[in-house]
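The structure under discussion appears below in the form of structure tokens.
The values are calculated or read from the model by the stated rules, or taken from the named source; none is laboratory data. Note that the structure is predicted; figures quoted are calculated from it, not measured. Neighbour counts are summed over all protein chains in view; Cβ atoms, including those assigned to glycine, are modelled from backbone coordinates with ideal geometry.
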Amino acid sequence: MKLNLPLLVIFFLCASLTFAQKEIKVEGKVVEEGTNIPLEYATITIKSVPDNKVVTGGITDIDGNFELDIKPGTYNIYVEYISYQTKEYLNKILNSSINLGTVSLALDVASLEEVTIVAEKTTVEVKLDKKVYNIGQDLTTAGGTVSDALNNVPSVSVDIEGGISLRGNQNVRILINGRPSALAGFGDTNVLSQLPAEAIERVEVITSPSARYDAEGTAGILNIILRQKETLGFNGSFNFTVGNPDNIGLNSSINYRTEKFNIFTNLSWRYFDAPRTSFTDVDYFDREVDGNIIEPEFRRIIEDQDVERLNRNYNANIGMEYFIDESSSITGGLFYRLGSDADLSLNSSERFNEGIIVEETLRREKETEQDNSYQITLNYVKRFGDDSDHKLTADFQYANDAEDGFTNLTEDYITTNQTDPEPFQQEQEFTEEVQNEYLIQTDYVLPLGKDSRFEAGYRGTFENEVTDYRLEQEDISTGNLVVNDTITNVFDYDENVNAVYTQYGSKFGKFSFLLGLRLEHTQLKGKIDSRLTNEELVEAFGFPIQTNFDNNYLGLFPTVNIIYNLGNNVSDAEESITLGYNRRINRPRGWFINPFPTRSSRTNVFQGNPNLQPAFASAFDLGYLKRWDEFTLTTSVYYQYETNSFERVQENTGQQTTDGIDIIRTIPINLSTNARTGAELGILYNPAKWLRLNSSFNFFQFETEGEFNGVDYSAKNTSWFARLSSKVILPWKIDWQTNANYRGAIQDAQSDTDGILSIDLAFSKELFDNSLTLSLNVRDLLNSRRRESVTTTDFFRRFRDSQWRQRQINFSIIYRFNQQINKRERSRNGNGNGDDFEFEDK
């Protein structure tokens, strides 16, 4: 599609002339006959008489409502929905606005006997407070994980270690079906790399969250909506995957639905090996202590690490929705996950002085972990009267996660210039972690007239986490393992958040707005059971440690979201402007607060900071969408100002290992401010039936200011990331998809990280009337998804090259049976956060 200025001028002139003519409205509501369940995405088509050409059309919203603008005349109106009988209004004379009332569609019994596979496509919907990306048939993620699927969503990027960021900001809140969930690992995004990508139906990118959502997450919210079949009868699918490096997975989705209840289940098993590598080269400088120059034991240390990671995961999700009557339903669900990991790390270390190797060691680290999680959910919906918008919802959720970890570490000299070196201690780490989380939520929605709505609600989340950490070290003189009393501890942590909200939305003319206010009270409470007294802790660590703290915060979080529709429903083009403002909070998580060090090696420790205060951010977002027949353009500019922002800094602890290597500590701190500015551009282009292009570009800049322990950590960084996805239909109906992702170089207070390029490639073929799909994909085709960074401080300079996961090749077979389409009202299945007050541009 070619766009130029003259054509655009002509287009806008034509649109202005069309708008100047008198128009009338055609509106109504589409429901299922007998149950009065609103039908979302029902199609309304208006054709002219007598030539029977399409004049305009649209689809219903989540409540089954539709509204179209048209010039006066005589028309044929068709209301359609897959697997339902079409309702026709023929030779309808329209001289003034008309309301067709409630249009009831009856099930087409004959069509239900046929198997109908509906082709999916990746689409974007812009709503008042979010953008919705329907994942569609993303071939490159077949046999992959949720993390892989998220990496293909505009505005979202997933780094090589599984960390998720939104517009370059990693403080993003992850929700499953609108709620905090054990499926998302209580905020640990690495768990998303254990869930199959096939489980996702759509992803909501919420950069300007309304008051209904938690205020947590200064970058915004990613709401992952899982698939739930809505087809009558018994149906389902099976997915088998095999790949290299070792990757074997089996996923099944089974559904049985009647008019009275719906039983759904998703079961998956996966075994995979995800080898990773890491190379570091560190130069140590002289440092000054109390006026004295201290020379390092070694001037340079090179470490080369290879890790074999074997993982076995079992996931089960089963639930039942029961329709009590036409106005109420209840849904219950049970999720269970069992993970078993075994990592074997070999780390070769070479130590230099004056350019000569003086010592070489080999460290072996064997780590095992068992993760056992389950979650129980209960959802109740009650509608009042004939208006399905007037309703009350109540939710209860309980989640439990138990992790048992064991690490055995040994290190031996390969070569050394020491005459009688002291042997290294054997070390064993034991970690037991138990988390319990309760969620109670209720929401009330009250329509006020035709185009306005009032909402109010309460949400309480109550989380307790107990971490029991024990370190045993070898007594060289006896060979026995002895508990290290300094580091061994039990950390009991509570995070309780109570929130109430209210919001009001309305639509008049081309304006839609949603105003909200949320009040949240946060309690972060911790108690440390240490074997040492407070005085002994100060002597051991060099600074006081709060072994008992109780921090409380009360905050108001206003939100404003506005949409102005520039287009009109008569033309094929759609155009809108969105404006959003919201205030957010970033609460320090438990592991950011726990002051006892956890060690990635003997020479590097991570230590939490119990004095961390929450960060608050104000964000502004201005967006624009324009849609033509074959081309969709989305753009936005945004600005965010954050106070008390978190930054992880590295400093010398002043302590050394038994062989004289400085121990470096990483600790999170509150920097004073963080200003972030950015812009993004998204393009969807479908020039032909055999070609679809999807591209996005995000440019951002952030600037931090602040200091810690006399060191200025201010920094300014400009970076960007871009992605391009193309899908081509080859001869013999073979689908070919290519995804390319590039993340630009990035800097923070102490580190410079190079850009990262990755390319994914996939082919698929449908067989047996689309009931069987064969898919072959290669993720990271060039094996280039690796991080290279340089960190510089006053006492060392470190180069690091790491690869979290190497190139992966997968072959998948997907079999579907009895998947007739009957997409009834989505809000009844519990997949979401309640009905959204959304005036959307579809």
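Of all the strands (runs of 3 or more DSSP E) wholly in the range 744-789, which have at least 1 residues that are within 24 Å of F817 (Cβ to Cβ)? Full working, then the answer.
Values: elements: 751-753, 756-767, 772-779.
The strands (runs of 3 or more DSSP E) meeting that bar are 756-767, 772-779.
Which one is surrounded by the fewest Cβ atoms within 10 Å (Cβ to Cβ), of the residues in the range 260-279 that are within 26 Å of the chain's Cα centre (by Cα) and assigned to a loop (DSSP other than H, G, I, E, B)?
P275
Where the second residue is modelled with pLDDT under 85 and in a strand (DSSP E or B) and the first is crowded, with 18+ Cβ neighbours inside 10 Å and lies in the range 280-307, which pairs have Cβ atoms under 7 Å and are six or more apart or on separate chains?
Y284/D662; P296/D662
Scan the range 652-659 and tell me whether some residue there is surrounded by 20 or more Cβ atoms within 10 Å (Cβ to Cβ) and not in a loop (DSSP other than H, G, I, E, B). Before the answer, list the steps.
Start the filter on the range 652-659 by keeping residues that are surrounded by 20 or more Cβ atoms within 10 Å (Cβ to Cβ), which leaves 659.
Then drop every residue that is not not in a loop (DSSP other than H, G, I, E, B), which leaves none.
Looking through the range 652-659, none of the residues is surrounded by 20 or more Cβ atoms within 10 Å (Cβ to Cβ) and not in a loop (DSSP other than H, G, I, E, B).
Being more than 29 Å from A342 (Cβ to Cβ) and either within 26 Å of the chain's Cα centre (by Cα) or buried (at least 17 other Cβ atoms within 10 Å of the Cβ) (or both): is that true of R257 here? Write out each step before concluding.
Details: more than 29 Å from A342 (Cβ to Cβ): yes; either within 26 Å of the chain's Cα centre (by Cα) or buried (at least 17 other Cβ atoms within 10 Å of the Cβ) (or both): yes.
The answer is yes for R257.
What pairs can you find where one residue is in the range 246-262 and within 25 Å of R779 (Cα to Cα), the other is modelled with pLDDT of 85 or more and among the aliphatic types (A, V, I, L, M), and their Cβ atoms are less than 7 Å apart, with a gap of 6+ or different chains?
Matching pairs, first to second residue: I248/V242; S252/L267.
Being in a strand (DSSP E or B), in contact (Cβ under 8 Å) with a residue 40 or more places away in the chain and not charged (D, E, K, R) is the filter here, so list the residues in the range 518-550 that pass it. First the steps, then the outcome.
Here is the first cut: in the range 518-550, the residues in a strand (DSSP E or B) are 518-530, 548-550.
Okay, now just the ones that are also in contact (Cβ under 8 Å) with a residue 40 or more places away in the chain, so 518, 520, 522, 524, 526, 528-530, 549.
The answer is T522, L524, G526, I528, S530, F549.
Give the range 790-819 a look and list any residue that's within 30 Å of I661 (Cβ to Cβ), part of a strand (DSSP E or B) and either under 25 Å from the mean Cα position of the chain (by Cα) or among the hydrophobic types (A, V, I, L, M, F, W, C) (or both), or say none.
Those that are within 30 Å of I661 (Cβ to Cβ), part of a strand (DSSP E or B) and either under 25 Å from the mean Cα position of the chain (by Cα) or among the hydrophobic types (A, V, I, L, M, F, W, C) (or both): V790, F796, F799, S802, Q803.
Checking the structure you have, find out if any residue of the range 71-83 is more than 27 Å from T258 (Cβ to Cβ) and touching a Pro at 6+ places or on another chain (Cβ under 9 Å). I'd like the intermediate steps shown before the answer.
Filtering the range 71-83 down to residues more than 27 Å from T258 (Cβ to Cβ) leaves 71-78.
Imposing the further condition that a residue be touching a Pro at 6+ places or on another chain (Cβ under 9 Å) reduces the set to 74.
Checked the range 71-83: at least one residue is more than 27 Å from T258 (Cβ to Cβ) and touching a Pro at 6+ places or on another chain (Cβ under 9 Å).
Is it fair to say L556 is modelled with pLDDT of 75 or more and under 26 Å from F508 (Cα atoms)? Talk me through it step by step, then tell me what you get.
Details: modelled with pLDDT of 75 or more: yes; under 26 Å from F508 (Cα atoms): no.
Spelling it out, it is not the case that L556 is modelled with pLDDT of 75 or more and under 26 Å from F508 (Cα atoms).
Filter the range 650-697 down to the residues that are basic (K, R) and modelled with pLDDT under 85, then identify the one that is nearest to the chain's Cα centre (by Cα).
Result: R692.
Only residues that are of a type in the set (G, A, S), surrounded by fewer than 16 Cβ atoms within 10 Å (Cβ to Cβ) and closer than 30 Å to D769 by Cβ: list them for the range 698-748, please.
If the condition is that a residue be of a type in the set (G, A, S), surrounded by fewer than 16 Cβ atoms within 10 Å (Cβ to Cβ) and closer than 30 Å to D769 by Cβ, then S726 is the only one that fits.
Which fully enclosed strands (runs of 3 or more DSSP E) of the range 433-513 have 1 or more residues being assigned by TED's automatic domain parsing to the domain that holds L378, in contact with a Leu (Cβ under 6 Å, 6 or more places away or on another chain) and buried (at least 16 other Cβ atoms within 10 Å of the Cβ)?
Because the criterion is at least 1 residues that are assigned by TED's automatic domain parsing to the domain that holds L378, in contact with a Leu (Cβ under 6 Å, 6 or more places away or on another chain) and buried (at least 16 other Cβ atoms within 10 Å of the Cβ), the strands (runs of 3 or more DSSP E) in the range 433-513 that meet it are 452-474, 489-508.
If you go through the range 738-765, how many residues are of a type in the set (D, E, K, R) and either in contact (Cβ under 8 Å) with a residue 60 or more places away in the chain or not assigned by TED's automatic domain parsing to the domain that holds R276 (or both)?
Filtering the range 738-765 down to residues of a type in the set (D, E, K, R) leaves 743, 748, 752, 754, 760, 765.
Next cut, either in contact (Cβ under 8 Å) with a residue 60 or more places away in the chain or not assigned by TED's automatic domain parsing to the domain that holds R276 (or both) only: 743, 748, 760.
Summing the residues that are of a type in the set (D, E, K, R) and either in contact (Cβ under 8 Å) with a residue 60 or more places away in the chain or not assigned by TED's automatic domain parsing to the domain that holds R276 (or both) in the range 738-765 gives 3.
Please enumerate the residues belonging to the range 357-381 that are crowded, with 16+ Cβ neighbours inside 10 Å and closer than 30 Å to R453 by Cα.
T377, N379, Y380, V381
Which residue out of I224, I302, I293 is assigned to a strand (DSSP E or B) and outside the structural domain of D621 (by TED's automatic domain parsing)?
On the way: I302 fails: outside the structural domain of D621 (by TED's automatic domain parsing); I293 fails: outside the structural domain of D621 (by TED's automatic domain parsing).
I224 is the lone residue from the list that is assigned to a strand (DSSP E or B) and outside the structural domain of D621 (by TED's automatic domain parsing).
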